[in-house]
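J.: One structure is given below, represented as structure tokens, and several questions about it will come after.
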Amino acid sequence: MTDPEPAVDRTRLAELYERERDSFRQARPRSAALAEQSRRHMPGGVPMSWMVKWPGDFPVFVERAGGAHFTCVDGIDHVDLCLGDTGAMMGHSPAPTVAAVTAQLSRGITTMLPTQDAIAVSAGLTERFGLPFWQYTLTATDANRHAIRYARHLTGRRKIVVHDYCYHGSVDEAFATLDDDGLTGDRRNNIGPPVPTSDTTRVVEFNDVEGLEKALAEGDVAAILVEPALTNIGIVLPEPGYNEAVRDLATRHGVILINDETHTICAGPGGITRRDDLHPDFLVIGKSIGGGVPCGTFGFTAEVADRIARSVELEDIDVGGIGGTLAGNGLSMAAMQATLEQVMTQAAFEHMIPLADAWADGVQAAIDATGAPWHVTRLGARAEYAFSPEQPRNGRLAAEADDFALQQYLHLHALNRGILLTPFHNMALMSPATTAADVEAHTRMFAACLDELFGRG
Ligand code: PMP
């Protein structure tokens with residue numbers, strides 16, 4: 001028998017990590033050369049600063065991606081369990097999206113006028129999520145920002161309530177956490193906040209109904225911005241009745257409820273909102289619904305639509321802080337129309353969710369075999385392991401279980417064996433193109449990795 005709860009030997013971890021760094025460098029000379037070249041004009045050699053957070057000494061340059069795999073410039077095939085952190089949840093370059101986008105490319109990309117696709121996309125979103133009205137952006141971040149602006153406009157209040165350790169894109173109000181005294185403050189390393197987040201935001205713990213009630217009681221809250229399950233500090237699931245209590249409190253305090261389904265769409269074709277029959281005032285989603293083509297959208301109730309219509313002057317509509325020149329462009333609309341109608345279907349989820357369950361079963365079995373005090377959490381087509389014995393009930397507990405060095409090692413070990421996990425946490429996402437063989441490849445690799453880490457190999 002092994003030790004029932006083996007601890008990670010940090011010296012061994014450091015040695016194994018060095019070995020993996022060596023293998024990484026040796027196997028990827030072409031990526032290494034391109035990274036060197038890239039550093040001349042891009043800090044860190046990457047087009048966006050957070051791309052340096054991947055494991056390994058330099059980013060892996062992609063040659064081509066298709067379905068659930070990609071090949072890097074060194075000719076190595078990878079199972080992609082990150083899928084562009086949900087941007088490619090429907091697989092890389094799904095054929096219906098490619099066909100629609102290809103046809104639209106030669107018919108005009110952007111005109112600042114609507115195309116007919118917008119009608120079908122909006123009707124399809126209504127059928128999927130239940131909200132009758134939709135507006136478009138290029139990112140989920142922008143959709144969140146716009147929903148927040150409307151909420152402030154409609155309520156005449158300033159504060160936004162968010163969950164501790166939430167992530168909603170680069171939305172200023174959401175870079176706040178609770179400090180040890182339970183007060184709202186800037187999240188660690190919040191870069192250049194325009195004002196202290198305590199001016200704009202009140203943070204509450206996930207699954208804390210009482211805390212939320214207190215946060216709303218002051219009467220200055222415009223909106224509650226939530227993911228119906230946290231997905232960006234690992235997965236934190238709602239306790240039974242939590243999302244319903246949030247709705248109830250929002251209604252009682254005249255606060256606008258915004259459900260951000262950008263990641264939780266993994267729960268099913270209508271996200272958690274539809275699965276659990278939730279009724280937000282706004283629903284935000286981006287990334288996956290365009291099959292990877294930039295797009296975002298926010299839907300809202302008839303009541304909200306009416307209040308907006310009565311309070312925003314046509315004359316000022318372009319300078320009110322809501323909008324974007326490329327928003328609703330023909331290309332994004334064509335991508336959303338094809339993806340929503342032909343790719344992001346019920347049948348797709350019936351393929352994806354059992355695969356995520358199989359991934360979770362495999363990972364849990366490998367963990368159990370070592371006795372490591374870790375757990376696995378499932379959310380539809382997404383699953384994740386974390387370094388604590390039980391599922392955390394809020395973001396802070398999830399953050400406390402984080403182990404950056406261990407995570408970097410596990411991710412690099414996987415990458416060196418042709419498997420890409422989502423950076424920032426230990427998450428795997430299934431696409432309609434992911435296969436049982438892809439999942440089994442991960443299970444085998446992960447079991448061998450743990451055997452080695454805990455000295456069983
Ligand atoms: N909402 C959630 C829940 C997200 O996880 C993210 C990005 N990870 C966003 C919004 C923002 O998406 P984007 O960066 O595409 O604007």
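J.: Percentage of Cα-Cα pair distances in the range 230-383 greater than 19 Å, rounded to whole percent?
T.: For the range 230-383, the fraction of Cα-Cα distances above 19 Å is 65 percent.
J.: About the Cα centre of the chain, how large is the charge dipole given +1 on each Lys and Arg Cβ and -1 on each Asp and Glu Cβ? Please answer in debye to the nearest 20.
T.: With Lys and Arg at +1 and Asp and Glu at -1, about 1160 debye.
J.: Over all distinct Cα pairs, what is the inverse of the mean 1/r for the range 174-315, reported as the Kirkwood hydrodynamic radius in Å?
T.: On the way: mean 1/r = 0.0603 Å⁻¹.
Its Kirkwood hydrodynamic radius stands at 16.6 Å.
J.: A further question on this structure: Semi-axes of the range 95-343's equivalent ellipsoid from the Cα gyration tensor, sqrt of 5 times each eigenvalue, largest first, rounded to whole Å? Don't skip to the answer; put the middle values down first.
T.: Numbers: eigenvalues 185, 76, 60 Å².
Taking √(5λ) for each eigenvalue gives 30, 20, 17 Å, largest first.
J.: Which residue, Val312, Asn207, Gly192, has the largest displacement toward the positive end of the dipole of the range 95-343 when charges sit on each Cβ (Lys, Arg +1; Asp, Glu -1)?
T.: Value: Val312.
J.: Report the antiparallel proportion of the DSSP beta bridges in the chain as a percent, rounded to a multiple of 5.
T.: Around 65 percent of the beta bridges assigned by DSSP in the chain are antiparallel ones.
J.: In addition: So, counting K/R as plus one and D/E as minus one, what does the shell of residues with Cβ under 10 Å around Thr197 add up to?
T.: Numbers: positive: Arg187, Arg202; negative: Asp172, Glu173, Asp186, Asp199.
Result for the local shell: -2.
J.: Give me the lysines in straight-line cross-link reach of Lys287: C-alpha distance below 28 Å, same-chain residues under 8 apart excluded.
T.: Of all the lysines, those that pass the test against Lys287 - Cα under 28 Å, at least 8 places apart if same chain - are Lys53, Lys159.
J.: May I pose another question? Per 0.36 nm of contour for each residue apart, how much would the distance between Ile308 and Asp248 grow if the chain were fully extended, relative to their Cα-Cα spacing? Mind dumping the intermediate values first?
T.: Numbers: separation 60, 0.36 × 60 = 21.60 nm, distance 2.24 nm.
So the chain would gain 19.4 nm between Ile308 and Asp248.
J.: Roughly speaking, what is the stretch gain from Thr325 to Ala7, that is 0.36 nm per residue apart minus the C-alpha to C-alpha distance, in nm to one decimal?
T.: Values: separation 318, 0.36 × 318 = 114.48 nm, distance 5.37 nm.
Extra length available between Thr325 and Ala7 comes to 109.1 nm.
J.: Roughly how many Å is it from the Cα centre of the range 92-128 to that of the range 397-433, as a whole number?
T.: 33 Å
J.: Only counting other Cβ atoms within 10 Å, I'd like His69, His413, His163 sorted with the fewest neighbours first.
T.: Going from least to most buried by this count: His69, His413, His163.
J.: Further question: Along its three principal axes, how long is the range 384-425 when you only count alpha carbons? Whole Å, largest extent first please.
T.: Here the spans come out as 33, 17, 16 Å, largest first.
J.: Let's see if you can work this out: charge +1 on each Lys and Arg Cβ, -1 on each Asp and Glu Cβ, no other charges. What is the dipole magnitude of the range 95-343 about its Cα centre, in debye to the nearest 20?
T.: With Lys and Arg at +1 and Asp and Glu at -1, about 680 debye.
J.: Could you go through the range 157-172 in sequence order and give the Karplus-derived ³J(HN,Hα) for each residue, using 6.51 cos²θ - 1.76 cosθ + 1.60 with θ = phi - 60°, rounded to whole Hz, and x for Gly and Pro?
T.: Whole-Hz 3J(HN,Hα) from phi for the range 157-172: 10, 10, 6, 10, 9, 10, 8, 4, 6, 6, 9, 10, x, 7, 9, 3.
J.: At Gln346 and Asp368, where each label point lies 7 Å from the Cα along Cα→Cβ, what is the point-to-point distance in nanometres?
T.: 3.3 nm
J.: Now a separate question. Could you work out the relative contact order of the chain? I mean the mean sequence separation of Cα pairs under 8 Å and 6+ apart, divided by the number of residues, in percent. Don't jump to the answer; show the numbers that get you there.
T.: Working: 868 pairs, mean separation 109.3, N = 457.
24 percent.
J.: I'm a student and want to see the number: the projected area of the Cα convex hull of the chain, averaged over all directions, in nm².
T.: That works out to 22.4 nm².
J.: Between beta-carbons, use under 11 Å as the cut-off and find the net charge around Asn394, counting Lys and Arg +1, Asp and Glu -1. Could the numbers behind the result be given before it?
T.: Details: positive: Arg393, Arg396; negative: Asp164, Glu205, Asp208, Glu239, Glu400.
Taking every Cβ under 11 Å from that of Asn394, the sum is -3.
J.: Given N residues in the range 116-179, what is its alpha carbon radius of gyration divided by 2.2 N^0.38 Å?
T.: Here the answer is 1.35, to two decimals.
J.: Pulled fully out, how much extra length does the chain show between Phe404 and Val195, if you take 0.36 nm times their separation in residues and subtract their Cα-Cα distance?
T.: Working it through step by step, the gained length comes to 72.3 nm.
J.: Between Trp50 and Asp179, what is the label-to-label distance in nm when each label sits 7 Å out along the Cα-to-Cβ direction?
T.: Label at Trp50, label at Asp179, 2.5 nm between them.
J.: Using Cβ counts within 10 Å as a stand-in for footprinting exposure, how do Leu283, Leu326 rank, fewest first?
T.: Neighbour counts put them in this order, fewest first: Leu326, Leu283.
J.: Quick one: His351, His263, fewest Cβ neighbours within 10 Å first, how do they rank?
T.: Going from sparsest to densest Cβ surroundings: His351, His263.
J.: Only bridges whose two residues both fall in the range 95-343 count here: according to DSSP, what percent of them are antiparallel, nearest 5?
T.: Expressed as a percentage, antiparallel bridges in the range 95-343 total about 50.
J.: To one decimal place, what Kirkwood hydrodynamic radius in Å is obtained for the range 262-316 from all pairs of distinct Cα atoms?
T.: Every distinct Cα pair counted, the radius reaches 12.9 Å.
J.: Next up: Spin-label point model (7 Å from Cα, Cβ direction): what's the Ala217 to Leu105 distance in nm?
T.: Between Ala217 and Leu105, the simple spin-label model gives 5.9 nm.
J.: When 1/r is averaged over all different Cα pairs and the result inverted, which Kirkwood radius in Å belongs to the range 201-279?
T.: In the range 201-279 this quantity evaluates to 12.9 Å.
Values quoted throughout were computed directly from the atomic coordinates according to the rules given, and no laboratory measurement underlies them. Quantities reported herein were computed from a predicted structural model and do not represent experimental measurements. Every residue, glycine as well, gets a Cβ built from its backbone with ideal geometry; the counts of neighbours run over all protein chains shown.
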